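Comments concern the structure below.
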Amino acid sequence: MPKMKTKKAAAKRFKFTASGKLKHGVAGKRHRLISHNGKYIRQNRGTSVVAKADEARVRKYLPYGL
């Protein structure tokens, strides 16, 4: 059997935490931030954990972890 391939786009966007959860950066923080207020920019700083509904799909993209 051939090996399964990792989706490289997913590998660049997601990381596993030490406990095995998936974390991701928050969308909408690259450009055109002048149209957002300061509260939006502050609250979307850093990373957050992937939602339970999306986690199974992302794990399928990363068969061997990272």
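Neighbour counts of C-beta atoms inside 10 Å place TYR64, TYR40 in the sequence TYR64, TYR40, starting with the fewest. Highest mobility in the GNM of the chain, judged by mean-square fluctuation with C-alpha springs under 10 Å and restricted to GLY28, GLY38, GLY46, is found for GLY38. Rounded to the nearest 500, the helix-only mean residue ellipticity at 222 nm of the chain stands at -8500 deg cm²/dmol, with each DSSP H run of n ≥ 4 adding -39,500 (n - 2.57). Under the criterion of Cα pairs below 8 Å and six or more residues apart, the relative contact order for the chain equals 43 percent. Relative to the longest principal axis of the Cα atoms of the chain, the long axis of helix 52-61 makes an angle of roughly 50 degrees. With Cα extents along the principal axes in Å in mind, check (i) 55, 19, 10; (ii) 52, 24, 20; (iii) 37, 34, 17 and report the label derived from this structure. After the calculation, the listed value that fits is (ii).
Throughout, read-outs are computed from the coordinates displayed, never taken from laboratory work. Keep in mind it's a predicted model, so treat the numbers as computed, not measured. Glycine also receives a Cβ, built like all others from the backbone with ideal geometry; neighbour counts cover every protein chain displayed.
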